[in-house]
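Before any comments, here is the structure.
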Amino acid sequence: NKKAKKKALYGILTTKLQNKEILWLTNFEYQEPKTKNAFSVLKNIGISGRKVLIVIDQKNPVLEKSFRNMENVKYLLVEYLNPFDLMHYDVVLCLQPALEKLNQA
């Protein structure tokens, strides 16, 4: 049921926001895909070593290639955001455009 799924999704997002488990980046500006760059981003934010769900607004090959080899990190398009993934990961890291798309839905 779409209505129940949407209600669950927003309920979990609200809980994560209250617990300060949702962070956002204004952009990801690396030009070449390197896991080292992705690791430094997570380390600078202070969430390295945790299970991180990265929500993006559109396909980004550089971001995808940078994060795909990292353990406990998953990226997914905002259209595919679901309650299971939100509950499974400790921290949700959204890019600003994905957060805006989520607010419009």
Residue pairs qualifying under the 7 Å Cβ cut-off, at least six apart or on distinct chains, with the first in the stretch 85-97 being under 24 Å from Glu29 (Cα atoms) and the second being part of a helix (DSSP H, G or I) and at pLDDT below 95, are Val92/Lys16; Val92/Leu86
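Filter the stretch 19-31 for residues that are farther than 12 Å from Cys94 by Cα and charged (D, E, K, R); which is most open to solvent (accessible area, probe 1.4 Å)?
Across the stretch 19-31, the extreme among qualifying residues is Lys20.
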Exception for Leu99 within (1) at pLDDT below 90; (2) aliphatic (A, V, I, L, M); (3) within 17 Å of Ser40 (Cα to Cα) falls at (3)
Within the stretch 11-32, residues at pLDDT 90 or above and either in a strand (DSSP E or B) or at negative phi (or both) come out as Gly11, Ile12, Leu13, Thr14, Thr15, Lys16, Leu17, Gln18, Asn19, Glu21, Ile22, Leu23
Of the residues in the stretch 38-62 that are of a type outside the set (Gly, Ala, Ser) and part of a loop (DSSP other than H, G, I, E, B), the one that is least open to solvent (accessible area, probe 1.4 Å) is Ile47
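Which members of the stretch 18-37 meet the condition of being under 24 Å from Met87 (Cα atoms) and more than 13 Å from the chain's Cα centre (by Cα)?
Gln18, Asn19, Lys20 - these are the residues of the stretch 18-37 that are under 24 Å from Met87 (Cα atoms) and more than 13 Å from the chain's Cα centre (by Cα).
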Screening Lys5, Lys16 for residues that are exposed (fewer than 13 other Cβ atoms within 10 Å of the Cβ) and in contact (Cβ under 8 Å) with a residue 60 or more places away in the chain leaves only Lys5
In the stretch 67-96, anything closer than 17 Å to Ile12 by Cα, acidic (Asp, Glu) and either in a loop (DSSP other than H, G, I, E, B) or within 9 Å of the chain's Cα centre (by Cα) (or both) is listed as Asp90
Filtering the stretch 63-90 for residues that are surrounded by 19 or more Cβ atoms within 10 Å (Cβ to Cβ) and under 18 Å from Asn19 (Cβ atoms) leaves a count of 3
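The values are calculated or read from the model by the stated rules, or taken from the named source; none is laboratory data. Quick caveat: nothing in here was measured; it's all calculated off a predicted structure. Cβ atoms come from the backbone with ideal geometry, glycine included; neighbour counts cover every protein chain shown. Surface areas here come from the heavy atoms of the whole protein model, side chains and all, with no ligands, DNA or RNA. Shrake-Rupley method; radii C 1.70, N 1.55, O 1.52, S 1.80 Å.
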